[in-house]
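The values are calculated or read from the model by the stated rules, or taken from the named source; none is laboratory data. Here the structure is a predicted model, which means the values were calculated and not measured. Here the Cβ is made from the backbone with ideal geometry for all residues, glycine too, and neighbour counts use every protein chain on show. For accessibility, only protein heavy atoms count, side chains too; no ligands or nucleic acids. Shrake-Rupley method; radii C 1.70, N 1.55, O 1.52, S 1.80 Å.
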Amino acid sequence: MSISLSRARGLGWFLGALFAVLLLAGCGGKIDTNLTINDDGSGIRTMTVSVSPEDMQKVQGGQASIEKLIADLKPAQLEYQGVKKNGNDVVFTFSLPFKSLEEYSTKATEIVKAQGATRSESWMAKAILVKGVEPFSKGTEYKENFSSRDLLYWLPEALRKQGKISESNVLEGRETKLFIGGKEMPAKEQPISSGKVERYGFDKVSIITSGLGNGAHQYQRTIYLALDKAVYLRDPEGYDKFVAEHAPKGSEVKKTDEQNLLWEVKFPVGDDAQVNQYTNELLLEKDASFTVSAPLPDVEEPLAFAITVQDSVSCEVVCDDGVTANSFVVLPEGWETSYRTDTFKGQTIVPVSSEEHPFKQRVAPLKQSVAVEINPQGGGKAAYSVTFSEKDDKLAEKLISSWLKSYPGVVIKREAGKSGVVYTATVSGKDSAGLLSAMRNYGYGDQPVVLSKLNGGIVSDKYLLKVAMGLPIPAYTITAVDGVPITLTGIDGLSLDEPSKEYLDAGLSYKDGVITFSGPQSLIYSGSAEVNRSWVIWLALGGSLLLVLVAALVAFLLIRKKINSLGAGTSAVGAQSPDSEEPLEDRQQPVPSDYPTERLDIAPPTNDNLTQPLPSYPEHWVAGQASQEGSFPWTRTEEGTETSAPESESDATKGE
């Protein structure tokens with residue numbers, strides 16, 4: 001039987017191609033793995049790849065091409081110890097050192113994901129070592145979710161891409177050894193797994209954390225540990241001792257001994273870092289993570305915050321197989337969440353996990369009020385007051401101030417008192433136009449307060465007051481505002497008249513000139529007011545009377561002074577010459593030495609006894625004619641001068 005030339009050539013090409021494929025595909029490397037984990041979690045993974053001479057011949061470029069690819073493409077996490085001969089085989093050695101199992105898992109993740117191995121984006125390498133902890137478990141168990149083939153996949157994949165071999169799935173595991181704490185463990189490849197831990201842990205762990213929303217970032221955590229009675233009886237002393245020794249210092253521990261054992265461990269109050277530390281101590285964890293985000297203003301509500309809560313507790317050591325810790329937070333008053341809620345010991349609780357759980361926290365006012373003051377020009381001010389608790393004020397002081405001062409011209413005042421912290425937002429205007437504009441801008445209405453003068457007089461002015469106002473805009477952006485009291489007061493002499501019976505029956509009240517309304521959200525009112533100046537008339541009359549009294553008092557004092565001065569002039573007669581202003585004491589002479597000192601009993605001279613001789617006296621004393629009143633008939637002269645007696649009675653009495 002003959003074969004045509006063309007068919008023979010075609011068969012030759014086919015056999016050649018088949019030989020090339022078989023040559024390239026026949027390459028295979030054998031991986032031996034040695035994993036050592038020390039007591040502190042550090043260790044090293046050593047991987048050797050052995051290639052037989054037959055397999056090496058099937059690689060285009062042979063050993064040299066393999067070593068060049070290693071030098072160019074080796075992941076940074078791996079170390080390369082070089083190549084050597086083992087008999088006829090060529091052996092390439094790689095190692096992956098690590099300081100902890102966490103670092104080991106991280107490096108393995110980076111290597112596997114970088115080389116394009118078939119893994120999902122969320123895949124993470126895990127290396128888990130569990131050592132039995134009495135009384136909850138005994139034995140040692142190790143497992144991981146990656147293999148040495150995964151860690152070295154980059155090498156055959158690079159050979160395939162460069163056409164050195166036809167496919168990359170040419171490596172296979174051969175022998176695996178595992179050493180933990182210096183002791184060799186039986187191991188299965190691949191991935192590596194070894195041993196088994198028998199568990200006798202808690203069959204239910206519930207974590208309740210309160211303190212959200214207190215503004216102080218201080219939390220109270222209580223952990224409930226439940227254990228089957230039969231398991232507890234296996235080692236009752238061991239379980240009791242563990243809880244007593246691992247409960248954080250300052251904790252309150254209670255134990256109930258019923259069908260199931262239940263320990264209640266209440267931690268001391270602390271911040272989130274302390275709460276995590278206490279949780280790690282009790283549950284023998286390393287990475288408990290309870291976090292509460294900083295409150296951020298909610299985009300929909302001006303007095304609300306958006307907050308997220310996360311809580312991650314694995315409970316791998318003290319929990320039984322398949323048991324995880326269930327974590328809850330107590331929902332504070334004023335908080336909302338879209339997650340389901342439960343009730344525990346009269347409190348509303350919300351389950352949380354390692355995912356972010358959103359909450360909305362509202363700051364609610366304790367009290368609100370509006371006070372409007374009106375002057376005779378129609379101006380004045382409108383003050384919106386809101387009272388918050390000290391806790392809410394501490395949490396949201398800046399947010400509250402920003403919420404109230406959303407419009408221009410508003411003056412904010414903050415004042416702490418016994419009943420809380422009061423914020424007052426005031427708008428004002430000197431006259432009617434100014435007050436209307438300010439109140440409109442703050443949302444009180446289009447014509448909130450209008451004062452019109454009806455007539456004027458000397459004694460009083462009459463006004464018409466019309467009110468059509470609601471609450472300011474900030475009041476409508478928070479909780480229900482029905483029942484907010486609104487007061488109207490006149491100032492600067494303007495007094496508001498008592499409302500009519502119609503308004504009083506509708507809910508208005510009147511006391512001491514103040515109108516108060518505590519009904520729905522808006523006030524519609526029309527009434528009278530006046531400026532009474534009768535006090536000016538009374539003041540004028542009082543002033544006039546006061547002036548009269550003052551004038552009378554001044555006249556009385558002047559007359560009295562004149563009288564006193566006249567009396568003083570009379571008593572000085574005879575002591576001072578009327579023709580001289582020289583004081584008497586300056587003109588007085590000393591008594592002569594020969595002046596008799598004994599008393600002289602001499603009768604005053606009269607018409608009957610003038611003929612009788614008179615006694616002799618010093619030369620400077622001379623006789624004068626007796627007056628009709630019988631006064632002493634002698635006058636005193638200056639020494640050395642002569643003085644004659646008065647010629648007539650009138651002359652003698654002129655000095656008087």
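For this structure, a couple of remarks:
- When residues of the stretch 179-213 are limited to those that are in a strand (DSSP E or B) and free of Cβ contacts under 8 Å to residues at least 12 places away in the same chain, the one farthest from Val265 (Cα to Cα): Glu184
- Pro236 falls short on exactly one of the conditions (1) without any contact (Cβ under 8 Å) to a residue 24 or more places away in the chain; (2) within 34 Å of the chain's Cα centre (by Cα), and that condition is (2).
- Glu79 being surrounded by fewer than 18 Cβ atoms within 10 Å (Cβ to Cβ), under 19 Å from Ser147 (Cα atoms) and not small (Gly, Ala, Ser): yes
- Residue match in the stretch 342-349 (condition: of a type in the set (Asp, Glu) and either part of a strand (DSSP E or B) or over 30 Å from Ile486 (Cα atoms) (or both)): yes
- Hey, Lys113 free of Cβ contacts under 8 Å to residues at least 24 places away in the same chain, under 19 Å from Gln77 (Cα atoms) and among the charged types (D, E, K, R) or not: yes
- Filter result (part of a loop (DSSP other than H, G, I, E, B), in contact with a Gly (Cβ under 9 Å, 6 or more places away or on another chain) and either open to solvent by less than 50 Å² (accessible area, probe 1.4 Å) or more than 24 Å from Asn441 (Cβ to Cβ) (or both)) within the stretch 486-509: Ile491, Asp497, Glu498, Pro499, Ser500, Ala506, Gly507
- Evaluation of Gly250 against (1) surrounded by fewer than 17 Cβ atoms within 10 Å (Cβ to Cβ); (2) touching a residue at least 60 places away in the same chain (Cβ under 8 Å); (3) at positive phi (one fails), failing number: (2)
- If only residues of the stretch 253-262 that are closer than 16 Å to Gly201 by Cα and open to solvent by 30 Å² or more (accessible area, probe 1.4 Å) are counted, the one that is nearest to the chain's Cα centre (by Cα) is Leu262.
- Positions within the stretch 83-127 being open to solvent by less than 50 Å² (accessible area, probe 1.4 Å), over 20 Å from Leu171 (Cβ atoms) and in contact with a Ser or Thr (Cβ under 6 Å, 6 or more places away or on another chain), in sequence order: Ala127
- Within the stretch 263-286, tally of residues that are open to solvent by 30 Å² or more (accessible area, probe 1.4 Å), farther than 23 Å from Pro358 by Cβ and modelled with pLDDT under 95: 2
- Filter result (surrounded by fewer than 16 Cβ atoms within 10 Å (Cβ to Cβ) and assigned to a strand (DSSP E or B)) within the stretch 427-461: Lys430, Asp431, Ser452, Lys453, Leu454, Asn455, Gly456, Ser460
- Scanning the stretch 399-423 for residues that are within 15 Å of Pro474 (Cα to Cα), without any contact (Cβ under 8 Å) to a residue 40 or more places away in the chain and surrounded by fewer than 16 Cβ atoms within 10 Å (Cβ to Cβ) turns up Ser401, Lys405, Pro408, Gly409, Val411, Ile412.
- Residues considered: Leu435, Leu395. Of these, the only one that is among the hydrophobic types (A, V, I, L, M, F, W, C) and under 30 Å from Ser500 (Cα atoms) is Leu435.
- Given (1) touching a residue at least 60 places away in the same chain (Cβ under 8 Å); (2) closer than 30 Å to Val317 by Cα; (3) surrounded by fewer than 20 Cβ atoms within 10 Å (Cβ to Cβ); (4) among the polar types (S, T, N, Q), index of the condition Ser148 fails: (3)
- Close pairs from the stretch 35-47: first under 12 Å from Gly182 (Cα atoms), partner of a type in the set (S, T, N, Q) and assigned to a strand (DSSP E or B), Cβ under 7 Å, at least 6 apart: Gly43/Thr36
- Of all the residues in the stretch 190-218, those that are surrounded by fewer than 22 Cβ atoms within 10 Å (Cβ to Cβ), on the phi > 0 side of the Ramachandran plot and either aliphatic (A, V, I, L, M) or within 38 Å of the chain's Cα centre (by Cα) (or both) number 3.
- Out of Pro358, Pro332, sole residue that is open to solvent by 10 Å² or more (accessible area, probe 1.4 Å) and part of a loop (DSSP other than H, G, I, E, B): Pro332
- Answer from Glu167, Glu157, Glu134 - the residue that is open to solvent by less than 60 Å² (accessible area, probe 1.4 Å), touching a residue at least 24 places away in the same chain (Cβ under 8 Å), farther than 17 Å from Leu101 by Cα and not in a strand (DSSP E or B): Glu157
- Single condition Leu96 does not satisfy, out of (1) under 30 Å from Gly201 (Cα atoms); (2) in contact with a Lys or Arg (Cβ under 7 Å, 6 or more places away or on another chain); (3) of a type outside the set (Lys, Arg): (1)
- Failed item, numbered, when Asp392 is tested on (1) in contact (Cβ under 8 Å) with a residue 40 or more places away in the chain; (2) surrounded by fewer than 17 Cβ atoms within 10 Å (Cβ to Cβ): (2)
A quick yes/no check of all residues on (1) more than 21 Å from Ser369 (Cβ to Cβ); (2) without any contact (Cβ under 8 Å) to a residue 12 or more places away in the chain; (3) touching an Asp or Glu at 6+ places or on another chain (Cβ under 6 Å):
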| site | (1), (2), (3) |
| --- | --- |
| Gly443 | no, no, no |
| Glu498 | yes, no, no |
| Lys501 | yes, yes, no |
| Leu508 | no, no, no |
| Val531 | yes, no, yes |
| Ala552 | yes, yes, no |
| Ile559 | yes, yes, no |
